[in-house]
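Only one structure is covered here, and it is reproduced in the block below.
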Amino acid sequence: MSSNVPPFDELMAGCTRSAIHLEMRDQYDVSDETEDFETWRRTGKRETDPASAYWGPWVDLISGAVARGIVVRRARIVSEPVSDYIRYEHASTGVNIHAGEQVRWLPRRHASDIALPGNDFWLFDDRLIRWGYFSGAGASAGHELSQDPAAAKLCAEAFEAVWTRAVPHDQYEIR
């Protein structure tokens with residue numbers, strides 16, 4: 001499933017207008033976050049230096065895309081009260097903003113009447129979908145690309161519906 005999916009930075013490099021990301025899980029167990037997440041759980045402190053080894057490559061990638069004119073938006077649908085993982089994400093979202101992403105949060109109770117795809121996704125230029133698959137515990141279970149026009153339309157419409165209702169990061173209060 002993931003073997004034919006180019007690295008994310010290649011997909012972003014091929015993007016010409018927009019990259020949107022919809023996250024719909026309350027818990028992720030991404031292997032490269034494990035140590036940082038555990039440190040945050042113990043100390044309440046999160047790595048938020050945009051130039052750090054942890055964040056630098058992401059900040060460079062996104063800020064470079066934004067400098068080329070790409071609009072990068074991320075929306076997160078979250079259950080309230082939020083999970084520890086969502087608190088962890090919220091604690092570092094300022095770095096995403098610093099890189100040039102626009103980020104909004106939508107409490108799940110406000111998404112009940114939105115037709116949503118079954119999986120998280122990135123949609124590049126309203127045509128190329130990078131599906132993100134996860135296990136029940138939140139571990140990455142691979143990625144898949146799709147250029148199916150109907151699926152791309154569903155993703156774009158779902159994202160815009162979420163975006164319209166969602167709260168900008170600087171106004172969202174963790175509950």
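The values are calculated or read from the model by the stated rules, or taken from the named source; none is laboratory data. None of the values given here were measured: they were computed from a predicted structure. Don't worry about glycine lacking a Cβ; one is built from the backbone with ideal geometry, like all the others, and counts go over all protein chains shown.
Working only within segment 74-104, note down all residues that are touching a Lys or Arg at 6+ places or on another chain (Cβ under 9 Å), closer than 18 Å to TRP122 by Cβ and not aliphatic (A, V, I, L, M). Those that are touching a Lys or Arg at 6+ places or on another chain (Cβ under 9 Å), closer than 18 Å to TRP122 by Cβ and not aliphatic (A, V, I, L, M): ARG74, ARG76, GLU89, THR93, ASN96, GLU101, GLN102, ARG104.
Within segment 1-33, being polar (S, T, N, Q) and closer than 30 Å to ARG109 by Cβ holds for SER18, GLN27. Within segment 1-24, being surrounded by 12 or more Cβ atoms within 10 Å (Cβ to Cβ) and acidic (Asp, Glu) holds for ASP9, GLU23.
Every residue, every condition in (1) in a loop (DSSP other than H, G, I, E, B); (2) touching a residue at least 24 places away in the same chain (Cβ under 8 Å); (3) surrounded by 12 or more Cβ atoms within 10 Å (Cβ to Cβ); (4) within 16 Å of the chain's Cα centre (by Cα), yes or no:
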position	(1), (2), (3), (4)
ASP26	yes, yes, yes, yes
THR34	no, no, no, no
ARG42	no, no, no, no
ALA51	yes, no, no, no
LEU61	no, yes, yes, yes
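When restricted to residues that are among the acidic types (Asp, Glu) and at pLDDT below 95, segment 6-35 contains 4. On the stretch given as segment 1-52, residues that are touching a strand residue (DSSP E or B) at 6+ places or on another chain (Cβ under 9 Å), within 28 Å of VAL167 (Cα to Cα) and small (Gly, Ala, Ser) total 2. Looking only at residues of segment 63-73 that are of a type in the set (Val, Ile, Thr) and not in a strand (DSSP E or B), we find that the one that is farthest from ALA156 (Cα to Cα) is VAL66.
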